[in-house]
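Notes to accompany the following structure.
The values are calculated or read from the model by the stated rules, or taken from the named source; none is laboratory data. Computed from a predicted model, the values in this text were never measured in an experiment. Ideal geometry is used to build each Cβ from the backbone, glycine not excepted, and the neighbour counts take in all protein chains shown.
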Amino acid sequence: MPPIFWFYLHLNGFVGKAAVFLCFYVFLAWGMMMALHYPLLVAQEAGVFDEPVRRARRGALPVLRRAFFLALGRPFYTLGLLFIAALATLPFAATGVLLALLWAGGVALLTTHVTRLLLIQYGVLPPPPVEKAIPDEQFRLPASPS
């Protein structure tokens with residue numbers, strides 16, 4: 001917990017409790033946004049947000065704004081992402097080797113996938129093409145002569 005929580009916890013009365021709740025919600029909202037920062041940085045540099053005639057703004061502030069809108073547009077979805085990432089961190093942190101080898105890639109893969117799904121939902125990215133199933137008759141072997 002950040003030290004600001006401990007300061008406000010020692011204040012008695014309504015003001016201290018209100019400040020603790022406010023700090024908790026700001027901390028939670030920032031955590032939800034933080035899970036989307038890296039994939040949004042990569043997406044902006046890849047030109048995902050560019051229009052055909054105009055280049056989208058680059059930098060940290062546009063990423064913070066986009067993460068804010070995505071995180072608070074689907075708060076329970078991003079809260080679930082944050083919970084799953086924290087839950088996945090526990091076994092990786094229990095062993096130092098797994099933490100060094102797999103944690104960074106696993107969390108990056110998870111957050112990138114969730115960010116992509118959110119961008120598809122809001123129409124920034126096109127949905128993936130739906131492939132038709134190939135009937136089994138095309139894969140049958142010809143009858144062997146007896």
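Miscellaneous remarks
- Taken over segment 87-146, the criterion of being surrounded by 10 or more Cβ atoms within 10 Å (Cβ to Cβ), hydroxyl-bearing (S, T, Y) and free of Cβ contacts under 8 Å to residues at least 40 places away in the same chain is satisfied by T89, T95.
- Number of the condition not met by Q121 [criteria: (1) at pLDDT below 90; (2) more than 13 Å from the chain's Cα centre (by Cα)]: (1)
- Meeting the requirement of 2 or more residues that are surrounded by 14 or more Cβ atoms within 10 Å (Cβ to Cβ) and modelled with pLDDT of 85 or more, the helices (runs of 4 or more DSSP H) wholly within segment 1-84 are 14-46, 60-73.
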